[in-house]
Amino acid sequence: MIKNLFPSPIYYAPLASRGLKKLNGELLEESLKFSQIDDAGIEWSEQNYRGGYTSYGSIAHLHQVSTTFEDLKTHIDKHVRQYIKYLEMDVDPKQIQMRTCWINIMPAGAFHTMHIHPLSVISGTYYVQTPKNCSSIKFEDPRMVGFMASPPRKTKAQERNQHFVELKPQAGNLVLFESWMRHEVPQNLSDTERISISFNYDWM
Ligand SMILES: [Fe+2]
């Protein structure tokens, strides 16, 4: 018998079954608009998000300033509840609330190195525009620091035995993970912008 202990569940699902096309269109339009008028964000991105635009350093509470993003939050809330239930977290789900929500626009060549989202419980991303060949989101095995003499895994090993797993995002879908999970966005190899909206849920 083999017991798979301490798994790292990653949640991936379509945002909604109805009205998704309209909402996604509005999110796309607003995201592009912010990237043109958010001077503080453009400046912040030049220093911290080379080659791309993010509102992380300027407007990171979009769910409180735009009704479109508020709609997005309403949908994401439902998925987060399901994820909390799956993880069997011993917490009142109402206390896990969206604290930050921001836009990411990655043109060709842009990337975002390995990181975690400190002080949050659940993080994730909703994908607005994912052209062919655009970057995946790449997760790192959280036990990595403990592997001393552990041999590498075969190139074609099953996903559950790999130390890095890439998820190819598709527009209209969202991914959720626990905020301590290290992840990165490799270089965007598409000539078209990869557009997404990321968020953190904190324990309030
Ligand atoms: Fe991230």
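The values are calculated or read from the model by the stated rules, or taken from the named source; none is laboratory data. Predicted model only: the values in this text are computed from it and were never measured. For accessibility, only protein heavy atoms count, side chains too; no ligands or nucleic acids. Shrake-Rupley method; radii C 1.70, N 1.55, O 1.52, S 1.80 Å.
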Based on alpha-carbon positions alone, could you give the equivalent ellipsoid semi-axes of the range 13-57 from the gyration tensor, as √(5λ), descending, whole Å? 27, 12, 7
Dividing the alpha-carbon Rg of the range 44-140 by 2.2 N^0.38 Å yields what? 1.19
Give me the percent relative contact order of the range 1-81, please, defined on Cα pairs under 8 angstrom at least 6 residues apart. 24 percent
I'd like the accessible area for TRP44: 1.4 Å probe, protein heavy atoms, all chains in place, Å² to the nearest 10. 80 Å²
Based on alpha-carbon positions alone, could you give the equivalent ellipsoid semi-axes of the range 141-204 from the gyration tensor, as √(5λ), descending, whole Å? 26, 19, 11
Could you state the orientation-averaged shadow area of the convex hull built on the Cα atoms of the range 42-89, in nm² to one decimal? 4.7 nm²
Report, in cubic angstrom per residue, the convex hull volume of the C-alpha atoms of the chain. 149 Å³
Please report the carbon-and-sulfur percent of the accessible area for the chain; probe 1.4 Å, protein heavy atoms only, DNA, RNA and ligands left out. 53 percent
Taking amide H positions as placed 1.01 Å from N in the peptide plane, with prolines and chain starts having none, which residues 5 or more places from HIS61, or on another chain, fall under 5 Å of its amide H? CYS101
Rounded to whole Å and sorted largest first, what semi-axes of the equivalent ellipsoid does the C-alpha gyration tensor of the range 106-169 yield via the square root of 5 times each eigenvalue? 25, 17, 11
Cα convex hull of the range 85-142: mean projected area in nm², to one decimal? 5.9 nm²
Residue-level accessible surface for LEU5, protein heavy atoms, 1.4 Å, Å²: 100 Å²
